[in-house]
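Remarks on the structure that follows.
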Amino acid sequence: MKKVYVYIFLFLVLFAIAFVNNKNDKRPKDYDWFPTYRNSDKNPFGGYVFDKMLEASWPDKYEHSYKNISRLMNEEKLSGQNILIVTDHFGTWEFEMNNLLDYVAKGHKILIASSGFDYSFQDSLQFSVASPDWYNYIFLIRSNIDTLKKKRDLSICLPGFEDKKYEFPALICDTYFDSIPKENARIIAVNDSSKVTAFSYPIGEGEIILSSTPLLFTNYGILSENNEFVWAILSSLQGKVLLRTEYHPESEEENRSPFRYLLSKRPLKWALYLTLISILLFMIFTAKRKQRVIPVVKEPENQMMKFVQSVAALYLRKSDNADILQKKYHIFAEHLLKDYHIDIINQPHDKQMFEKIAQKTGSDEDMVRSLFDGLNLIGSDFQISDKMLMDLVIKMDNILKNKQ
């Protein structure tokens with residue numbers, strides 16, 4: 001019961017810490033510089049302010065959707081709108097690309113701002129894009145905001161903008177088009193290295209506009225002092241209702257994770273953390289109460305050497321050297337029979353046997369003869385001294401060690 005009170009006390013302490021931390025939090029807000037382009041994201045590279053300004057200032061009606069072109073067409077919700085797509089990588093299936101191009105050919109305009117395009121889409125329109133390592137420059141921005149201080153000039157190639165230059169952080173507008181269609185393409189924007197960053201291409205009665213600087217079509221770009229650059233490119237879509245679709249499937253409304261919303265709000269984030277910590281504490285206390293002690297099972301100790309030492313000590317205590325030598329002789333004979341097929345018990349100990357043993361074991365023939373001269377004393381009344389016992393045992397061991 002006392003453990004339950006401890007758990008309740010810890011929970012209340014954590015709740016109090018979270019409450020005080022949120023109530024007295026006067027720190028400046030930390031911005032997340034990861035680009036989402038979402039119309040609900042108020043961070044620099046989100047689209048909340050961008051969408052609100054389009055909704056308030058677009059000459060014609062402005063609409064927003066999370067659905068791709070094919071779904072909008074199937075649901076008959078496309079009725080003459082020009083379309084805006086802002087993403088990091090524009091990818092599409094072949095049938096979706098055909099639907100998109102057919103829609104443009106009927107007299108509509110589509111602006112796609114992206115730093116990367118599918119190869120099939122590039123091949124279809126005959127262009128290529130030179131993109132820096134996307135994850136690398138996003139990491140640089142998130143880890144050190146000073147990377148945005150290096151600037152680069154962009155220019156609009158439309159009537160009325162000939163002498164104007166627009167300064168933006170180089171890190172977010174370094175992407176450009178390596179090549180564009182040779183025929184009928186119209187350059188809209190270039191950087192200070194004369195590299196194309198936006199161009200348009202007519203398809204049928206309509207027009208598709210491509211921009212390689214999607215980070216300018218965000219809260220950061222629209223709130224900058226040079227936002228005229230963004231409005232100049234968007235002006236190509238004027239004259240019709242503008243529909244912005246967050247084309248990438250992971251941004252579709254029905255696929256959004258509830259945790260993403262919880263983590264985006266500071267009070268809800270602390271509530272989630274508090275809940276997870278409470279569950280963890282509960283699991284720790286419960287596991288500690290129900291856990292059993294697991295006995296340590298030791299491996300059986302090898303007692304063979306102790307047994308051999310005990311037997312050896314018994315023989316030494318009896319001082320029966322003849323018996324010890326006889327048993328060693330039988331072990332020696334068994335090894336020779338097993339390894340070399342030499343039977344020294346039932347065959348005569350003559351010169352032929354000595355040569356055979358010496359040849360097969362690689363031993364000296366004189367040592368073999370000396371060994372068997374000593375072994376022939378077994379069974380007689382000759383008293384075997386300790387020195388002689390050791391000498392014969394060593395000779396037998398040496399012969400066995402020399403086996404080839």
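The values are calculated or read from the model by the stated rules, or taken from the named source; none is laboratory data. Remember, predicted model here, so these are calculated numbers, not experimental data. Note that we place each Cβ from the backbone using ideal geometry, even for glycine, and neighbour counts take in every protein chain shown. The area values use the complete protein model at the heavy-atom level, side chains included, leaving out ligands, DNA and RNA. Shrake-Rupley method; radii C 1.70, N 1.55, O 1.52, S 1.80 Å.
Quick grid of which residues meet (1) more than 30 Å from Gln122 (Cα to Cα); (2) open to solvent by 50 Å² or more (accessible area, probe 1.4 Å); (3) at pLDDT 85 or above; (4) among the polar types (S, T, N, Q):
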{"residue": "Phe11", "(1), (2), (3), (4)": "yes, yes, no, no"}
{"residue": "Lys23", "(1), (2), (3), (4)": "yes, yes, no, no"}
{"residue": "Met53", "(1), (2), (3), (4)": "yes, yes, yes, no"}
{"residue": "Trp93", "(1), (2), (3), (4)": "no, yes, no, no"}
One residue is enough: does region 208-222 have a residue meeting the conditions without any contact (Cβ under 8 Å) to a residue 60 or more places away in the chain and either surrounded by fewer than 21 Cβ atoms within 10 Å (Cβ to Cβ) or farther than 22 Å from Ala130 by Cα (or both)? no
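Of everything in region 170-188, what is at pLDDT below 90 and not small (Gly, Ala, Ser)? Give them in sequence order. Walk me through it before giving the result.
Step one: of region 170-188, the residues at pLDDT below 90 are 170-175, 182-184.
Residues satisfying the conditions are Leu171, Ile172, Cys173, Asp174, Thr175, Lys182, Glu183, Asn184.
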Of the conditions (1) open to solvent by less than 80 Å² (accessible area, probe 1.4 Å); (2) basic (Lys, Arg); (3) at pLDDT 80 or above; (4) over 29 Å from Leu392 (Cα atoms), Lys269 fails just one. Which one is it? (3)
Kindly provide the set of residues from region 103-127 that are free of Cβ contacts under 8 Å to residues at least 60 places away in the same chain and open to solvent by 20 Å² or more (accessible area, probe 1.4 Å), ordered by number. Asp118, Tyr119, Ser120, Asp123, Ser124, Gln126
Please name all residue pairs, on different chains or six or more residues apart, with Cβ atoms under 7 Å, provided the first residue is in region 178-191 and is within 24 Å of Asp163 (Cα to Cα) and in contact (Cβ under 8 Å) with a residue 24 or more places away in the chain and the second residue is basic (Lys, Arg) and outside any loop (DSSP other than H, G, I, E, B). Asn191/Arg152
If Phe168 passes every condition in (1) assigned to a strand (DSSP E or B); (2) over 20 Å from Asn219 (Cβ atoms); (3) open to solvent by less than 50 Å² (accessible area, probe 1.4 Å) but one, which one does it miss? (2)
State which residue is most open to solvent (accessible area, probe 1.4 Å) when the search covers only region 295-332 and only residues that are among the basic types (Lys, Arg) and in a helix (DSSP H, G or I). Arg317
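Just to be sure before I move on: is Lys356 closer than 16 Å to Leu400 by Cβ and part of a helix (DSSP H, G or I) in the structure I sent? Lay out the reasoning, then the answer.
Details: closer than 16 Å to Leu400 by Cβ: yes; part of a helix (DSSP H, G or I): yes.
In short, yes.
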For region 63-77, the count of residues that are touching a strand residue (DSSP E or B) at 6+ places or on another chain (Cβ under 9 Å) and open to solvent by less than 30 Å² (accessible area, probe 1.4 Å) equals 4
Would you point out which residue out of Gly160, Gly80, Gly107 is touching a Gly at 6+ places or on another chain (Cβ under 6 Å), modelled with pLDDT of 80 or more and not acidic (Asp, Glu)? Gly107
Does region 375-385 contain any residue that is open to solvent by 40 Å² or more (accessible area, probe 1.4 Å), more than 21 Å from Val308 (Cα to Cα) and assigned to a helix (DSSP H, G or I)? no
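Here are some residues: Ser278, Ser257. Which one is open to solvent by less than 100 Å² (accessible area, probe 1.4 Å) and modelled with pLDDT under 60? Explain how you work it out, then say what you get.
Details: Ser278 fails: modelled with pLDDT under 60.
From the options Ser278, Ser257, the qualifying one is Ser257.
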Spot the failing condition for Leu100; the list is (1) at pLDDT below 90; (2) open to solvent by 50 Å² or more (accessible area, probe 1.4 Å); (3) assigned to a helix (DSSP H, G or I); (4) among the hydrophobic types (A, V, I, L, M, F, W, C), and only one is missed. (2)
